[in-house]
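Asker: Starting off with a structure, shown below.
The values are calculated or read from the model by the stated rules, or taken from the named source; none is laboratory data. Treat the numbers as computed from the prediction; the structure is a model and nothing was measured. For neighbour counting, all protein chains shown are included, and Cβ atoms are generated from backbone atoms with ideal geometry for every residue, glycine included. Just so you know, the surface numbers come from the protein's heavy atoms only, side chains and all, with ligands and any DNA or RNA stripped out. Shrake-Rupley method; radii C 1.70, N 1.55, O 1.52, S 1.80 Å.
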Amino acid sequence: MGSFVSLILKGLTLFLLLSLQQLWAQTSVPYVNLWSVFDEFPPEIQRELKGGKADANGMVSHNQPNYLGAEYQRGGMDTMLAGIILRDKSLIDDGFHVAHVTFMQQLADGGFGDKVPTGAAFWVTACARSFIALKESEYWPEYQTQIETYYSALSLASTFLVNNMDKLVQHDKNTPNRLLSDADALFLTAKLLGAEPPPEADKLRDLGLALFDKDSGAFQENGGGDSSYQAVNLQMLMYYVTYYPSPELDIIIRHGLDWELSKVNADGAIDVKGNSRTGVGKEIYFGKEKEVNTREVCLMFAYAGALYHDDNYTNTAVLIHQNRKK
(Lines give C-alpha, C1' and ligand atoms only; values in the text may rest on other atoms or scores of the structure.)
Protein backbone atom coordinates (compact mmCIF):
# COMPACT_ATOMS: atom_id res chain seq x y z
CA MET A 1 0.00 0.00 0.00
CA GLY A 2 2.81 2.36 0.95
CA SER A 3 4.63 1.78 -2.31
CA PHE A 4 1.40 2.40 -4.23
CA VAL A 5 0.89 5.78 -2.48
CA SER A 6 4.51 6.65 -3.11
CA LEU A 7 4.05 5.88 -6.81
CA ILE A 8 0.96 8.10 -6.95
CA LEU A 9 2.82 10.98 -5.24
CA LYS A 10 5.72 10.65 -7.65
CA GLY A 11 3.27 10.73 -10.53
CA LEU A 12 1.55 13.86 -9.20
CA THR A 13 4.91 15.55 -8.65
CA LEU A 14 5.97 14.81 -12.22
CA PHE A 15 2.61 16.09 -13.51
CA LEU A 16 2.95 19.34 -11.57
CA LEU A 17 6.51 19.88 -12.76
CA LEU A 18 5.51 19.35 -16.38
CA SER A 19 2.48 21.63 -15.96
CA LEU A 20 4.61 24.40 -14.44
CA GLN A 21 7.15 24.08 -17.26
CA GLN A 22 4.37 24.37 -19.83
CA LEU A 23 2.89 27.39 -18.05
CA TRP A 24 6.30 29.04 -17.90
CA ALA A 25 6.81 28.43 -21.61
CA GLN A 26 3.49 30.12 -22.34
CA THR A 27 3.97 33.17 -20.14
CA SER A 28 7.69 33.93 -20.10
CA VAL A 29 9.01 36.69 -22.34
CA PRO A 30 11.80 35.56 -24.68
CA TYR A 31 15.15 37.23 -24.11
CA VAL A 32 15.40 40.47 -26.03
CA ASN A 33 18.49 42.41 -27.00
CA LEU A 34 19.28 45.27 -29.37
CA TRP A 35 20.50 43.03 -32.15
CA SER A 36 17.38 40.85 -32.13
CA VAL A 37 15.09 43.89 -32.12
CA PHE A 38 16.82 45.57 -35.06
CA ASP A 39 16.97 42.24 -36.87
CA GLU A 40 13.16 42.12 -36.90
CA PHE A 41 12.84 45.43 -38.79
CA PRO A 42 11.32 45.22 -42.28
CA PRO A 43 14.23 44.98 -44.76
CA GLU A 44 13.53 48.34 -46.37
CA ILE A 45 13.69 50.04 -42.97
CA GLN A 46 16.87 48.21 -41.97
CA ARG A 47 18.53 50.06 -44.83
CA GLU A 48 17.45 53.34 -43.19
CA LEU A 49 19.85 52.59 -40.32
CA LYS A 50 22.87 53.68 -42.35
CA GLY A 51 24.25 57.07 -41.33
CA GLY A 52 26.04 59.82 -43.19
CA LYS A 53 29.16 58.86 -45.13
CA ALA A 54 32.50 59.64 -43.54
CA ASP A 55 35.19 61.44 -45.51
CA ALA A 56 38.70 60.05 -46.06
CA ASN A 57 39.69 61.30 -42.60
CA GLY A 58 36.83 59.45 -40.90
CA MET A 59 34.93 62.65 -40.20
CA VAL A 60 31.14 62.76 -40.46
CA SER A 61 28.50 65.47 -40.91
CA HIS A 62 29.42 68.88 -39.47
CA ASN A 63 32.93 67.65 -38.67
CA GLN A 64 33.67 68.03 -42.38
CA PRO A 65 36.04 69.68 -43.10
CA ASN A 66 37.03 70.58 -39.53
CA TYR A 67 36.43 68.61 -36.34
CA LEU A 68 33.94 70.32 -34.03
CA GLY A 69 32.96 67.55 -31.62
CA ALA A 70 32.25 63.85 -31.15
CA GLU A 71 28.48 64.35 -31.29
CA TYR A 72 28.63 64.83 -35.07
CA GLN A 73 30.37 61.46 -35.47
CA ARG A 74 27.24 59.52 -34.47
CA GLY A 75 26.35 58.76 -38.09
CA GLY A 76 29.38 56.50 -38.31
CA MET A 77 27.96 54.34 -35.53
CA ASP A 78 24.64 54.22 -37.37
CA THR A 79 26.55 52.87 -40.37
CA MET A 80 28.20 50.21 -38.19
CA LEU A 81 24.77 49.20 -36.89
CA ALA A 82 23.45 48.98 -40.46
CA GLY A 83 26.37 46.74 -41.37
CA ILE A 84 25.63 44.40 -38.47
CA ILE A 85 21.95 44.07 -39.35
CA LEU A 86 22.42 43.97 -43.14
CA ARG A 87 25.34 41.53 -42.85
CA ASP A 88 27.64 43.94 -44.69
CA LYS A 89 31.14 43.85 -43.20
CA SER A 90 32.29 46.80 -45.29
CA LEU A 91 29.83 49.01 -43.38
CA ILE A 92 31.00 47.57 -40.04
CA ASP A 93 34.58 48.41 -41.00
CA ASP A 94 33.53 51.92 -42.02
CA GLY A 95 32.06 52.32 -38.55
CA PHE A 96 35.26 51.16 -36.91
CA HIS A 97 37.21 53.72 -38.93
CA VAL A 98 34.95 56.47 -37.55
CA ALA A 99 35.27 55.07 -34.02
CA HIS A 100 39.05 55.02 -34.28
CA VAL A 101 39.46 58.61 -35.42
CA THR A 102 36.89 59.81 -32.88
CA PHE A 103 38.61 58.16 -29.92
CA MET A 104 41.85 59.71 -31.16
CA GLN A 105 40.20 63.04 -30.25
CA GLN A 106 39.58 61.97 -26.64
CA LEU A 107 41.21 64.18 -24.03
CA ALA A 108 42.85 63.21 -20.75
CA ASP A 109 39.65 63.98 -18.80
CA GLY A 110 37.61 61.62 -21.01
CA GLY A 111 35.86 64.30 -23.06
CA PHE A 112 36.14 64.82 -26.81
CA GLY A 113 36.43 68.58 -27.15
CA ASP A 114 32.70 69.24 -27.63
CA LYS A 115 31.38 72.65 -26.61
CA VAL A 116 29.29 71.02 -23.87
CA PRO A 117 29.53 67.57 -22.19
CA THR A 118 26.22 66.64 -23.84
CA GLY A 119 28.11 66.23 -27.11
CA ALA A 120 30.22 63.50 -25.56
CA ALA A 121 27.09 61.82 -24.21
CA PHE A 122 25.54 61.73 -27.69
CA TRP A 123 28.63 60.04 -29.08
CA VAL A 124 28.98 57.56 -26.22
CA THR A 125 25.31 56.54 -26.47
CA ALA A 126 25.59 55.81 -30.20
CA CYS A 127 28.93 54.06 -29.80
CA ALA A 128 27.89 51.84 -26.88
CA ARG A 129 24.62 50.94 -28.63
CA SER A 130 26.35 49.75 -31.80
CA PHE A 131 29.11 47.94 -29.91
CA ILE A 132 26.47 46.10 -27.85
CA ALA A 133 24.61 45.06 -31.01
CA LEU A 134 27.88 43.80 -32.51
CA LYS A 135 28.63 41.90 -29.30
CA GLU A 136 25.23 40.19 -29.60
CA SER A 137 25.63 39.31 -33.28
CA GLU A 138 27.35 36.49 -35.10
CA TYR A 139 30.28 38.84 -35.79
CA TRP A 140 31.40 39.00 -32.16
CA PRO A 141 34.19 36.38 -32.41
CA GLU A 142 35.70 38.28 -35.33
CA TYR A 143 35.49 41.76 -33.80
CA GLN A 144 35.76 41.08 -30.05
CA THR A 145 39.40 42.08 -29.73
CA GLN A 146 38.83 45.24 -31.77
CA ILE A 147 35.88 46.37 -29.65
CA GLU A 148 37.56 45.60 -26.35
CA THR A 149 40.42 47.98 -27.19
CA TYR A 150 37.87 50.79 -26.65
CA TYR A 151 36.60 49.61 -23.28
CA SER A 152 39.00 51.73 -21.24
CA ALA A 153 38.22 54.79 -23.39
CA LEU A 154 34.48 54.29 -22.92
CA SER A 155 34.95 53.83 -19.18
CA LEU A 156 36.92 57.08 -19.08
CA ALA A 157 34.19 58.83 -21.10
CA SER A 158 31.59 57.58 -18.62
CA THR A 159 33.66 59.00 -15.78
CA PHE A 160 33.86 62.31 -17.66
CA LEU A 161 30.07 62.46 -17.84
CA VAL A 162 29.69 61.68 -14.15
CA ASN A 163 32.25 64.34 -13.28
CA ASN A 164 30.34 66.87 -15.40
CA MET A 165 26.92 66.01 -14.03
CA ASP A 166 26.19 69.62 -13.00
CA LYS A 167 26.96 70.89 -16.51
CA LEU A 168 24.80 68.19 -18.11
CA VAL A 169 21.83 69.08 -15.92
CA GLN A 170 22.26 72.82 -16.42
CA HIS A 171 22.51 72.55 -20.20
CA ASP A 172 19.84 69.86 -20.72
CA LYS A 173 17.29 70.52 -17.97
CA ASN A 174 14.54 71.69 -20.37
CA THR A 175 15.12 69.06 -23.04
CA PRO A 176 14.22 65.48 -22.10
CA ASN A 177 15.76 64.06 -25.28
CA ARG A 178 19.18 65.25 -24.11
CA LEU A 179 18.66 64.10 -20.53
CA LEU A 180 17.60 60.64 -21.68
CA SER A 181 20.53 60.46 -24.11
CA ASP A 182 22.85 61.46 -21.27
CA ALA A 183 21.36 58.70 -19.14
CA ASP A 184 21.66 56.10 -21.89
CA ALA A 185 25.33 56.95 -22.34
CA LEU A 186 25.87 55.71 -18.78
CA PHE A 187 23.38 52.85 -18.87
CA LEU A 188 24.53 51.40 -22.21
CA THR A 189 28.22 51.78 -21.42
CA ALA A 190 27.65 49.93 -18.16
CA LYS A 191 25.81 47.18 -20.05
CA LEU A 192 28.61 46.86 -22.58
CA LEU A 193 31.31 46.72 -19.92
CA GLY A 194 29.37 44.41 -17.60
CA ALA A 195 29.33 47.02 -14.82
CA GLU A 196 26.70 48.58 -12.58
CA PRO A 197 25.39 51.94 -13.87
CA PRO A 198 26.42 54.90 -11.69
CA PRO A 199 23.66 56.59 -9.64
CA GLU A 200 23.96 59.64 -11.89
CA ALA A 201 22.35 57.58 -14.67
CA ASP A 202 19.18 57.15 -12.60
CA LYS A 203 19.11 60.85 -11.80
CA LEU A 204 19.40 61.88 -15.46
CA ARG A 205 16.69 59.39 -16.46
CA ASP A 206 14.36 60.65 -13.76
CA LEU A 207 14.94 64.30 -14.72
CA GLY A 208 13.95 63.41 -18.28
CA LEU A 209 10.87 61.52 -17.12
CA ALA A 210 9.83 64.50 -14.98
CA LEU A 211 9.23 66.39 -18.25
CA PHE A 212 6.64 63.85 -19.43
CA ASP A 213 3.08 65.21 -19.51
CA LYS A 214 0.93 62.34 -18.24
CA ASP A 215 -2.26 63.96 -19.51
CA SER A 216 -1.24 64.35 -23.15
CA GLY A 217 1.50 61.76 -23.45
CA ALA A 218 3.95 64.30 -24.84
CA PHE A 219 7.42 64.99 -23.50
CA GLN A 220 7.84 68.72 -22.93
CA GLU A 221 10.68 69.91 -25.14
CA ASN A 222 11.33 73.53 -24.23
CA GLY A 223 7.80 73.83 -22.91
CA GLY A 224 5.75 71.79 -25.37
CA GLY A 225 5.36 68.59 -27.33
CA ASP A 226 7.37 68.09 -30.51
CA SER A 227 6.63 65.38 -33.08
CA SER A 228 10.32 64.99 -33.94
CA TYR A 229 11.93 65.00 -30.51
CA GLN A 230 9.14 62.83 -29.10
CA ALA A 231 10.58 60.02 -31.21
CA VAL A 232 14.05 60.56 -29.76
CA ASN A 233 12.71 60.46 -26.22
CA LEU A 234 10.83 57.23 -26.87
CA GLN A 235 13.81 55.65 -28.61
CA MET A 236 16.12 56.44 -25.70
CA LEU A 237 13.63 54.95 -23.24
CA MET A 238 13.21 51.83 -25.36
CA TYR A 239 16.98 51.29 -25.45
CA TYR A 240 16.85 51.51 -21.67
CA VAL A 241 13.98 49.06 -21.09
CA THR A 242 15.57 46.59 -23.50
CA TYR A 243 18.16 45.90 -20.79
CA TYR A 244 16.57 47.33 -17.66
CA PRO A 245 12.94 46.11 -17.85
CA SER A 246 10.33 48.32 -16.22
CA PRO A 247 6.55 47.79 -16.53
CA GLU A 248 6.06 51.36 -15.31
CA LEU A 249 8.21 52.76 -18.10
CA ASP A 250 6.47 50.51 -20.64
CA ILE A 251 3.22 52.30 -19.74
CA ILE A 252 4.84 55.71 -20.26
CA ILE A 253 6.36 54.62 -23.57
CA ARG A 254 3.03 53.27 -24.83
CA HIS A 255 1.30 56.50 -23.84
CA GLY A 256 3.99 58.47 -25.65
CA LEU A 257 3.62 56.26 -28.72
CA ASP A 258 -0.10 57.02 -28.78
CA TRP A 259 0.69 60.74 -28.88
CA GLU A 260 3.21 60.25 -31.68
CA LEU A 261 0.78 58.07 -33.64
CA SER A 262 -1.69 60.96 -33.54
CA LYS A 263 0.91 63.05 -35.38
CA VAL A 264 1.26 60.65 -38.31
CA ASN A 265 -1.04 61.57 -41.18
CA ALA A 266 -2.74 59.01 -43.40
CA ASP A 267 -0.09 59.50 -46.10
CA GLY A 268 2.80 58.98 -43.65
CA ALA A 269 3.69 62.66 -43.29
CA ILE A 270 4.45 63.93 -39.77
CA ASP A 271 2.23 66.73 -38.47
CA VAL A 272 4.17 69.70 -37.07
CA LYS A 273 1.24 71.75 -35.82
CA GLY A 274 1.93 72.96 -32.29
CA ASN A 275 5.52 71.70 -32.27
CA SER A 276 7.77 73.38 -29.73
CA ARG A 277 10.99 73.04 -31.71
CA THR A 278 10.93 71.54 -35.23
CA GLY A 279 9.12 72.30 -38.47
CA VAL A 280 7.62 75.60 -37.34
CA GLY A 281 10.57 77.97 -37.54
CA LYS A 282 11.34 77.91 -33.82
CA GLU A 283 14.82 76.44 -34.06
CA ILE A 284 17.75 77.24 -36.36
CA TYR A 285 20.57 74.71 -36.66
CA PHE A 286 23.75 75.54 -38.59
CA GLY A 287 21.91 78.35 -40.33
CA LYS A 288 18.89 76.26 -41.36
CA GLU A 289 15.42 75.85 -39.92
CA LYS A 290 15.21 72.54 -38.10
CA GLU A 291 12.65 70.18 -39.64
CA VAL A 292 11.17 66.92 -38.34
CA ASN A 293 13.68 64.09 -38.62
CA THR A 294 11.38 61.64 -40.36
CA ARG A 295 14.12 58.99 -40.47
CA GLU A 296 14.34 58.97 -36.68
CA VAL A 297 10.56 58.80 -36.34
CA CYS A 298 10.43 55.90 -38.80
CA LEU A 299 13.18 53.95 -37.02
CA MET A 300 11.61 54.59 -33.62
CA PHE A 301 8.28 53.12 -34.70
CA ALA A 302 10.06 50.11 -36.22
CA TYR A 303 11.88 49.54 -32.93
CA ALA A 304 8.61 49.84 -30.98
CA GLY A 305 6.95 47.34 -33.31
CA ALA A 306 9.70 44.77 -32.83
CA LEU A 307 10.13 45.35 -29.09
CA TYR A 308 6.44 45.18 -28.24
CA HIS A 309 5.42 42.79 -31.05
CA ASP A 310 2.86 45.34 -32.26
CA ASP A 311 2.18 45.47 -36.01
CA ASN A 312 0.49 48.84 -35.70
CA TYR A 313 3.83 50.47 -34.90
CA THR A 314 5.64 48.50 -37.60
CA ASN A 315 3.04 49.40 -40.22
CA THR A 316 3.34 53.06 -39.22
CA ALA A 317 7.10 52.87 -39.72
CA VAL A 318 6.56 51.44 -43.21
CA LEU A 319 4.05 54.19 -44.01
CA ILE A 320 6.50 56.90 -42.95
CA HIS A 321 9.26 55.20 -44.93
CA GLN A 322 7.13 55.14 -48.08
CA ASN A 323 6.31 58.83 -47.67
CA ARG A 324 10.03 59.63 -47.24
CA LYS A 325 10.83 57.88 -50.51
CA LYS A 326 8.26 59.74 -52.59
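Asker: I need the peptides 152-158, 115-121 ranked by packing, meaning the mean over residues of other C-beta atoms within 10 angstrom, with the highest value on top.
Answerer: Highest mean packing first, the order is 115-121, 152-158.
Asker: Work through the residues other than residue 252 whose Cβ is under 15 Å from its Cβ and net out their charges, Lys, Arg +1 and Asp, Glu -1.
Answerer: Once all neighbours under 15 Å are counted, the net charge is -4.
Asker: Would you mind telling me the share, in percent, of accessible area of the chain contributed by carbon and sulfur at probe 1.4 angstrom?
Answerer: Ligands and nucleic acids excluded, carbon and sulfur reach 55 percent.
Asker: Could you pull out the trypsin sites (Lys or Arg not before Pro) across region 159-239 that fall in loop regions by DSSP (anything but H, G, I, E, B) with no more than 13 other Cβ atoms inside 10 Å?
Answerer: Those that pass, being in a loop and sparsely packed, are 214.
Asker: Then there's this: Taking amide H positions as placed in the peptide plane 1.01 Å from N, state which residues far from residue 283 in sequence (5 or more) or on other chains have amide H under 5 Å from it.
Answerer: For residue 283, the qualifying residues are 290.
Asker: Residue farthest toward the positive end of the dipole of region 286-326, with Cβ of Lys/Arg at +1 and Asp/Glu at -1: which of 323, 301, 286?
Answerer: Positive-end residue among those listed: 286.
Asker: Then there is this: Counting each DSSP H run of 4 or more residues in the chain as -39500 (n - 2.57), what helix-only mean residue ellipticity at 222 nm follows after dividing by all residues, to the nearest 500 deg cm²/dmol?
Answerer: Theoretical 222 nm ellipticity from helices: -20000 deg cm²/dmol.
Asker: Considering just Cα atoms, how many Å³ per residue does the convex hull of region 124-245 enclose?
Answerer: 104
Asker: On to the next question. Hey, what's the per residue convex hull volume over the C-alpha atoms of region 229-280, in cubic angstrom?
Answerer: Output value, Cα hull per residue: 83 Å³.
Asker: In addition: In the chain, what is the volume of the convex hull around the alpha carbon atoms, normalised per residue and reported in Å³?
Answerer: Cα convex hull per residue, to the nearest whole number: 177 Å³.
Asker: Rounded to two decimal places and with Rh computed the Kirkwood way over Cα pairs, what is Rg over Rh for region 89-179?
Answerer: For region 89-179, the value is 1.01.
Asker: Count charges around residue 289 for me, please; just the other residues with Cβ under 12 Å from its Cβ, Lys/Arg as +1, Asp/Glu as -1.
Answerer: +2
Asker: Something else: Averaging sequence separations of C-alpha pairs under 8 Å and six or more residues apart, then dividing by the length of region 178-316, give the relative contact order as a whole percent.
Answerer: It rounds to 21 percent for region 178-316.
Asker: Quick one: accessible area per residue over the chain, 1.4 Å probe, rounded to a whole number of Å²?
Answerer: Normalised by residue count, the accessible surface of the chain is 47 Å².
Asker: How many nm separate the modelled label positions at residue 310 and residue 258, each set 7 Å beyond the Cα in the direction of the Cβ?
Answerer: About 1.0 nm, to one decimal.
Asker: Once the other residues with Cβ under 11 Å from the Cβ of residue 80 are scored (Lys, Arg +1; Asp, Glu -1), what is the net sum?
Answerer: Taking every Cβ under 11 Å from that of residue 80, the sum is 0.
Asker: Taking amide hydrogens as modeled 1.01 Å from N in the peptide plane, which residues meet the under 5 Å criterion relative to residue 221, leaving out close sequence neighbours?
Answerer: 226
Asker: Okay, next question. Please list 3J(HN,Hα) in residue order for region 116-123, calculated via the Karplus relation 6.51 cos²θ - 1.76 cosθ + 1.60 where θ = phi - 60°; whole Hz, with x for glycine and proline.
Answerer: With coefficients 6.51, -1.76 and 1.60, one gets 9, x, 4, x, 5, 4, 4, 5 Hz.
Asker: Another one. Name the lysines eligible as straight-distance cross-link partners of residue 290: C-alpha to C-alpha under 26 Å, and not fewer than 8 places from it in the same chain.
Answerer: 50, 53, 115, 167, 173, 263, 273, 282, 325, 326
Asker: Would you be so kind as to identify which of 249, 73, 180 lies farthest towards the positive end of the dipole of the chain, taking Lys and Arg as +1 and Asp and Glu as -1 on Cβ and the Cα centre as origin?
Answerer: Towards the positive end, the residue furthest out is 73.
Asker: Of 91, 110, 153, which is farthest along the charge dipole of the chain in the positive direction, counting Lys and Arg as +1 and Asp and Glu as -1 at C-beta?
Answerer: Positive-most Cα among the choices belongs to 91.
Asker: Could you order peptides 86-98, 57-69, 300-312 by the average number of other Cβ atoms within 10 Å of their residues, highest first?
Answerer: So the order, starting with the most tightly packed, is 300-312, 86-98, 57-69.
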